[in-house]
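Below: one structure, written as structure tokens.
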Amino acid sequence: MRILFTACPMFGHVNPVLPLVLAARAAGHDVVVATGPDMAARLTVPTWAVGPSHHEAGGGPGTDWLAYFASTARARAADLIPRALDWKPDLVISEDTELSGPVAAAATGARHVVHGIGIMPPIRLWAAFGPVLDGLFDQFGVPGTSAGHRAATYLELCPPSLRPADPAAERIWPTTLPLRPVAGTPSGSEQLPASLDSLPYEQTVHLTLGTVFHANRNVLHTAIAALSALPVNVVATVGPDVDPAGFGRQPAHVVLAPYLPHTLLLPRCTAVVSQAGAGIMLGSLAHGLPHLALPQGGDQFTNAEAIELSGTGLALHPAEVTGAAITDRLTELLTNPTFTAAAAAARTDLTTMPDAPTVLTTLTTSPHD
């Protein structure tokens, strides 16, 4: 079977689909991942570089994300549809913010599946996303509608314990299939720095603002300074292509790096301090780690609320972020066992979800939607 995966060119949008990509390749399927040229260059699987890079599209703090997803989808679709028509995929799997995938699926007659990247977006966002998708179908002369898109199967990474509490609330994609999230998929060349082996303290905290909001340097500086004053090891990632030397000399128990694979790092950690992006939220829970959320934008405020409501962590919103507040909240996380217990329960919740090979078998053997 030919399976086309599509994703916006950001780590937090590409990484969640990679376990299913790798499962498909291992099962002998013909696989291509279509994304921006910056992310395509980082992958070790067959790729198509389509549309602009994240940098070219102007993504970052302060971005109007609806406008970003709409404009980049149009550019990707212009590149993607001709290649898809020539390649003739049997199945198209697109992450939930990537709107050129459903258009390519409709153009080729392929079955379409939506891959979640975190908590399913709330239904209120569909009032904005639906017309954008309908406009894409019209622009490229493809028979399809946003209503039809909502009938696709949605691969849900979020465990029940983190989903919105109202079971009667309308969902964008009513038909769902659970899929266990994986905390990153490192390439064969990725490894942790040797300095982690000589860190002095028993507990290790990972600090990150992700790969989009790491440009909020004041927050990173504040958090690094606050955490370095505590008797814990601190491993902070400051953003891809960012020189850690710009943060100054650090004590021996603090390690800074541009980017580290969570699959390798999180098993060494006791807690996580992050922007509450979906990837790091689910990755930390997959390892039973309590979380201090410092949401910066996008869906991170929803994720931070879910972290607090589930009892798996605490949150500080932008106006609340000070060094003292970070120190106090992290100390509470590390000393109050209820947070670790809730995170452990969420980890158990995640382990009951089917893994990528199991879900792939369901997708490739079940009747079409």
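Yes or no: residue 307 at pLDDT 95 or above, surrounded by 23 or more Cβ atoms within 10 Å (Cβ to Cβ) and on the phi < 0 side of the Ramachandran plot? Yes. Within the stretch 82-92, identify whether any single residue is surrounded by 18 or more Cβ atoms within 10 Å (Cβ to Cβ), of a type outside the set (Gly, Ala, Ser), at pLDDT 95 or above and assigned to a loop (DSSP other than H, G, I, E, B), and answer yes or no. Yes, that holds for at least one residue. Selection of the stretch 252-287 for residues being open to solvent by less than 10 Å² (accessible area, probe 1.4 Å), of a type outside the set (A, V, I, L, M, F, W, C) and free of Cβ contacts under 8 Å to residues at least 60 places away in the same chain yields an empty set.
Out of 51, 101, 58, one residue alone is touching a Leu at 6+ places or on another chain (Cβ under 8 Å), more than 20 Å from residue 154 (Cα to Cα) and among the small types (Gly, Ala, Ser). It is 51. Does residue 341 satisfy the condition of being more than 30 Å from residue 2 (Cα to Cα) and either hydroxyl-bearing (Ser, Thr, Tyr) or out of contact with any helix residue (DSSP H, G or I) (no Cβ under 8 Å at 6 or more places or on another chain) (or both)? For residue 341, the condition - more than 30 Å from residue 2 (Cα to Cα) and either hydroxyl-bearing (Ser, Thr, Tyr) or out of contact with any helix residue (DSSP H, G or I) (no Cβ under 8 Å at 6 or more places or on another chain) (or both) - is met. Can you pull out every residue in the stretch 1-33 that is part of a helix (DSSP H, G or I) and charged (D, E, K, R)? If the condition is that a residue be part of a helix (DSSP H, G or I) and charged (D, E, K, R), then 25 is the only one that fits. Looking across the stretch 21-50, the residues that are open to solvent by less than 20 Å² (accessible area, probe 1.4 Å) and under 12 Å from residue 6 (Cα atoms) come down to 21, 31, 32, 33, 34, 35, 36, 39, 40, 50. Here residue 249 does not qualify as surrounded by fewer than 23 Cβ atoms within 10 Å (Cβ to Cβ) and in contact (Cβ under 8 Å) with a residue 60 or more places away in the chain.
Exactly one residue out of 100, 146 is touching a residue at least 60 places away in the same chain (Cβ under 8 Å), more than 18 Å from the chain's Cα centre (by Cα) and closer than 17 Å to residue 69 by Cα: that is 100. Among the candidates 230, 199, 209, 192, the residue that is out of contact with any Pro (no Cβ under 7 Å at 6 or more places or on another chain), surrounded by 23 or more Cβ atoms within 10 Å (Cβ to Cβ) and either within 29 Å of residue 55 (Cβ to Cβ) or not aromatic (Phe, Trp, Tyr) (or both) is uniquely 209. Of the residues contained in the stretch 322-331, none is found to be open to solvent by 40 Å² or more (accessible area, probe 1.4 Å) and under 18 Å from residue 287 (Cα atoms).
The values are calculated or read from the model by the stated rules, or taken from the named source; none is laboratory data. Since the model is a prediction, treat every value here as computed from it, not as a measurement. Glycine gets a Cβ as well: all are built from the backbone with ideal geometry, and neighbour counts include every protein chain shown. Note: areas computed on protein heavy atoms with side chains; ligands, DNA, RNA excluded. Shrake-Rupley method; radii C 1.70, N 1.55, O 1.52, S 1.80 Å.
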